[in-house]
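Worksheet: the structure to be examined is printed underneath.
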Amino acid sequence: MDRAAAEAWIRTYVEPIGVIETARERPWATVLRVPLADGVAWFKACRPIQAFEPRLTAGLFARWPDRVVEVLGHDEERAWLLLADAGSSIGYYLNPPETWLAALPPYAELQRGEATYASEHLAHHVPDLRVATLPLRYEELLRHGLPLESDEISRLRAFAVRFGELCGELAAHDVPETVQHDDLHGANLYVDRGHFRLLDWGDASISHPFASLAVTFQVLEQINRLPPADPWFARLRDAYLEPWGRGLAGAFDLAIRVGMFAHAFAWARQREALPEARADFDKEYQVILRRAVARTLE
């Protein structure tokens, strides 16, 4: 990133009152904190693997200004994004399920509305993880060097045919595919003046909408220590499904199972694009893969 050019671009939208500082630097993006007289703004420079994010975020904000962080400016060609402050995060390590009970229905409404724009998003390079593509993604995953034990890889290979069948079963429910955040946890959910706002759409894809909650449920299990049979999971499922209509609990359960694998495919895409960060990346990637491997036993 050309830091001088970035700061000059930022100043075309806002008037900083102090030094623009680096807030986070990751292999996939750099985030700058911009101090303002009335608060703060945030600049994000996306690497090629997430270059679709500025345009996607700007489009979502234009259509859903009450549930997506305010976009002050974006540059599609340079993959730059300038955001207003989103408020307060509910927190990755707090992540209260009560908050998701209120936040999930508006997110589902956004997804339903964005189904109309799915083809447009795909044309602008939002990753394609539609259900019909997933069996091929499964084959591609098996061709990669996975950070798993040999018996785990064998289980994945043996499950390939069944995975294709599950995808066919999921597609038969005829739920429209749309934008899927794929990183839906408390660190990306903010509260701003009574509104829930989602940010960080760099892991998003066009996929089965219900698979969004695979990550939400994973965090509730790992961080909140909710057992799989905890009633909260059914309550959150039902709250999320309410905007979609009745009779979809079976499709939801199937989407979560398939979605565990789709989440692993998304991580594989990131891993291939960021070889310099692979050692650290693989620590969490192993967790994602092993959750998928566990679904082969169901």
Have a look at Ile17, Ile153, Ile288 and tell me which one the Gaussian network model of the chain (Cα, springs below 10 Å) gives the largest fluctuation. Ile17
Rounded FRET efficiency, nearest 0.05, which uses the C-beta distance separating Arg155 from Ala239 and R0 of 51 Å: 0.95
Taking a ≥ b ≥ c as the square roots of the Cα gyration tensor eigenvalues, with a/c under 1.5 meaning rounded and otherwise prolate when a/b beats b/c, else oblate, which class fits the range 1-153? prolate
With charges set only on the Cβ (+1 for Lys and Arg, -1 for Asp and Glu), what does the dipole of the range 1-142 come to about its Cα centre, in debye to the nearest 20? 180 debye
Extension gain Glu70-Thr12, at 0.36 nm per residue separation less the Cα-Cα distance, in nm? 19.2 nm
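Consider all pairwise Cα distances in the chain and report the whole-number % of them above 33 Å.
Working: 10112 of 44253 pairs.
That fraction is 23 percent.
Expressed as a fraction of 2.2 N^0.38 Å, the rule-of-thumb size for a compact globular protein of N residues, what is the C-alpha radius of gyration of the range 3-85? Mind showing how you got there, number by number?
On the way: Rg = 12.1 Å, N = 83, 2.2 N^0.38 = 11.8 Å.
The range 3-85 yields a ratio of 1.03.
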Which one, Leu101, Leu56, Leu129, has the greatest fluctuation when you compute a Gaussian network model over the chain with C-alpha springs under 10 angstrom? Leu101
Anisotropy class of the range 225-298 from Cα gyration tensor, a/c 1.5 cut: prolate
Label the range 38-98 by shape, choosing from rounded, prolate and oblate, from the square roots a ≥ b ≥ c of the eigenvalues of the Cα gyration tensor; if a/c is under 1.5 it is rounded, and otherwise prolate applies when a/b is larger than b/c, oblate when it is not. prolate
Once all Cα-Cα distances of the range 119-240 are split into 5 Å bins that start at 0, what whole-number percent is in each one? 2, 9, 14, 16, 21, 20, 12, 4, 2, 1, 0
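Relative to the Cα centre, what is the charge dipole magnitude of the chain, using +1 at the beta carbon of each Lys and Arg, -1 at the beta carbon of each Asp and Glu, and rounding to the nearest 20 debye? List each step's numbers first, then the result.
Numbers: 32 positive and 43 negative charges, 75 e Å.
Computed charge dipole of the chain: roughly 360 debye.
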Leading residue at positive end of dipole, the chain (Cβ point charges), from Val161, Val287, Ala239: Val161
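Readers should treat all values here as calculations from the given coordinates under stated rules, not as data from a laboratory. Since this is a predicted model, take the numbers as computed values, not measurements. Ideal geometry is used to build each Cβ from the backbone, glycine not excepted, and the neighbour counts take in all protein chains shown.
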